[in-house]
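The values are calculated or read from the model by the stated rules, or taken from the named source; none is laboratory data. All of these numbers come straight from a predicted model, not from anything done at the bench. Backbone-built Cβ (ideal geometry, glycine too); neighbour counts: all protein chains shown. Surface accessibility is based on the protein's heavy atoms, side chains included, excluding ligands, DNA and RNA. Shrake-Rupley method; radii C 1.70, N 1.55, O 1.52, S 1.80 Å.
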Amino acid sequence: MARVLNQRVTWRLATPLLIDGALVLSSVAISTSLLVGPPMRTQLDDPVFLFKLALVAAICQLCLYYADLYEAHAGVDSRELLVRLMRSFGVTALVLAVVYAAVPVLVVGRGVFALAVGLLLGLVPVWRSGFDWIVDRLAPSERILIVGTKPAAVSLARELATRRRELGVKVVGFVEVEPAARVRAFIPAPGIVGLVSDIPEIVSQCRVDRVVVSLEDARGKLSMNDLLDMKLHGVRFDHLASVYEEYTGRIAVENLRPSWLIFSDGFRKRRALTITKRAVDVLAAALGMVVGGPLMLVVAAAIKLTSAGSVLYHQTRTGEGGKAFTVHKFRTMRTDAESRTGPVWASARDPRVTSLGGILRRTRLDELPQLWNILCGEMSLVGPRPERPEFVQDLTEQIPFYGQRHVVKPGLTGWAQVSYTYGASVEDAMEKLQYDLFYIKNMSGILDLVIIFATIKTVLRQRGSR
């Protein structure tokens with residue numbers, strides 16, 4: 001397995017992306033050869049044609065991505081797959097039509113894309129069905145034994161079970177560290193398979209490839225001689241916090257120790273990255289305000305016409321270093337939304353939201369004025385979402401490491417926003433913090449780009465959290 005952004009990327013996940021790309025390229029090349037000419041060998045020697053081919057493939061695969069066809073754990077039947085393919089190819093055709101109208105020299109040939117789509121509609125479902133059969137019946141799985149039964153261990157097991165097909169991982173069971181503290185009702189299948197003293201026998205009988213250990217749970221209870229013997233016989237041992245991060249894209253905070261944060265890789269604010277990130281923020285925010293200016297005027301006029309009150313909503317939020325700043329948004333609630341209750345969590349179907357406000361929230365248009373916050377250096381395009389000081393104080397007291405999310409600038413969008421559903425509670429704040437810590441630990445230009453693409457997908461499909 002390879003790692004990208006400190007997460008596991010298996011052949012099960014990479015293969016659909018690579019094979020689909022190869023099929024798109026070959027289908028367009030074959031269609032061009034049949035309808036336009038010259039022969040394919042001559043085409044492949046032409047750099048201009050190769051660029052045209054790559055452009056079609058890139059747009060097509062981007063549309064497939066936005067149709068959730070690379071979400072391995074989602075799973076779709078053959079009919080749904082065909083519907084999503086047709087929808088993706090339809091959007092690809094529209095995008096290519098706009099591109100070709102603007103730059104006619106990029107046109108591959110009349111009728112080429114239509115023929116290529118016909119080939120792809122026949123090829124993609126067939127190969128994906130075969131791939132699914134191989135993954136489900138023939139592909140080996142890495143067998144994992146989890147030492148500990150605390151919430152982080154249970155959460156990891158459930159995540160691995162949900163994504164078993166994608167990751168190729170099978171949890172063979174839990175090892176109980178303290179029998180007296182047993183809470184069987186919360187332990188998912190396959191359940192507890194033994195005690196700490198049984199680990200060598202379990203590893204042998206269940207053909208365990210990897211033992212995941214919570215050092216907090218197991219410290220002082222594991223025999224170093226037994227562990228070393230198993231290690232020398234090919235069994236791999238890993239810290240629960242590291243495996244949790246690797247497989248889930250978040251950092252478990254329930255039983256996390258500061259020592260793991262100190263000695264693990266990441267959590268470095270490199271000067272070059274900071275400078276580059278700020279330059280991109282300024283450029284993108286300035287461009288966004290210029291290009292989106294007319295749209296913002298339309299939104300402002302619509303708010304003014306549909307509800308009484310100001311167009312913009314100004315609210316104090318906590319930023320980098322715990323400093324307060326004023327965030328600007330288009331108003332989506334009634335002007336008296338908190339006159340009786342004071343600061344309260346927003347909810348997915350908040351009755352305080354106006355009809356137009358609901359539309360603005362689903363499309364994220366209410367966030368556009370925050371481009372000014374980005375220009376002023378108070379926010380970044382990507383980072384943990386800024387929270388209200390009233391909530392920050394309570395959350396810092398209730399959730400370990402919550403204050404660490406303020407070591408970077410808050411963002412217009414973030415890893416938590418594209419990875420977690422809408423939530424408005426302390427429990428949801430805990431979940432989002434785990435994603436925020438993962439972002440801070442692994443912050444990079446590539447991760448920011450991934451989040452921006454995922455944000456566009458979230459907006460287009462009108463889902464996710466704020």
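Give me the net charge of ASP209's neighbourhood, meaning all other residues with Cβ under 9 Å from the Cβ of ASP209; Lys, Arg count +1, Asp, Glu -1.
Summing Lys and Arg as +1 and Asp and Glu as -1 gives +3.
Which of rounded, prolate, oblate describes segment 347-438, given a ≥ b ≥ c as roots of the alpha-carbon gyration tensor eigenvalues and a/c under 1.5 marking rounded, otherwise prolate only if a/b is larger than b/c?
oblate
Pull up all non-local amide H partners of PHE237: gap of 5 or more, or a different chain, and H-to-H distance under 5 Å with H placed in the peptide plane.
Those lying under 5 Å, H to H, from PHE237 are VAL211.
Pairs LYS323/LYS457; LYS150/LYS231; LYS170/LYS231: which exceed 26 Å Cα-Cα?
Checking Cα-Cα distances, LYS323/LYS457 exceed 26 Å.
As an exercise, identify the trypsin sites (Lys or Arg not before Pro) in segment 306-338 lying in DSSP coil whose Cβ has no more than 11 other Cβ atoms within 10 Å.
LYS323
State the percentage of accessible surface on segment 374-466 attributable to carbon and sulfur atoms; use a 1.4 Å probe and exclude ligands, DNA and RNA.
Ligands and nucleic acids excluded, carbon and sulfur reach 57 percent.
Mind listing the long-range amide H neighbours of LEU381? Cut-off is under 5 Å, sequence gap 5 or more, other chains count too, H placed in the peptide plane at 1.01 Å from N.
Hits under the 5 Å cutoff: LEU412.
What lysines could a cross-link reach from LYS329, if we take a straight Cα to Cα line under 21 Å and drop same-chain neighbours fewer than 8 places away?
List returned: LYS304, LYS409.
Amide H to amide H, which residues 5 or more places from TYR420 or on other chains are under 5 Å from it, using H placed in the peptide plane?
Result for TYR420 returns SER465.
Expressed as a whole percentage, what fraction of the accessible surface of segment 79-150 belongs to carbon and sulfur atoms when a 1.4 Å probe is rolled over the protein heavy atoms?
Ligands and nucleic acids excluded, carbon and sulfur give 69 percent.
What aspartates and glutamates does LYS441 reach when the alpha-carbon gap must be under 14 Å and sequence neighbours fewer than 8 apart in one chain are set aside?
GLU245, GLU246, ASP265
Explain nothing, just the number: relative contact order of segment 404-459, from Cα pairs under 8 Å at least 6 residues apart, as a whole percent.
47
How much area per residue is accessible in segment 351-457 when the probe is 1.4 Å and only protein heavy atoms are counted (Å²)?
37
Ordered by residue, what ³J(HN,Hα) values in Hz, to whole numbers, does segment 155-167 give under the Karplus form 6.51 cos²θ - 1.76 cosθ + 1.60, where θ = phi - 60° and Gly and Pro are x?
In residue order, the calculated couplings are 4, 4, 4, 5, 5, 5, 5, 5, 10, 4, 5, 6, 8 Hz.
Please work out how much length the chain gains when fully extended from LEU375 to ARG334, using 0.36 nm per residue of separation minus the C-alpha to C-alpha distance, in nm with one decimal.
Answer, rounded to one decimal: 12.0 nm.
Just want to confirm a number: the relative contact order over segment 58-110, from Cα pairs under 8 angstrom separated by 6+ residues, in percent.
41
Would you kindly derive the ³J(HN,Hα) couplings of segment 381-388 from the backbone phi angles with the Karplus curve 6.51 cos²θ - 1.76 cosθ + 1.60 (θ = phi - 60°), listing them in order in whole Hz, with x for Gly and Pro?
Each residue of segment 381-388 in turn: 4, 10, x, x, 5, x, 10, 6 Hz.
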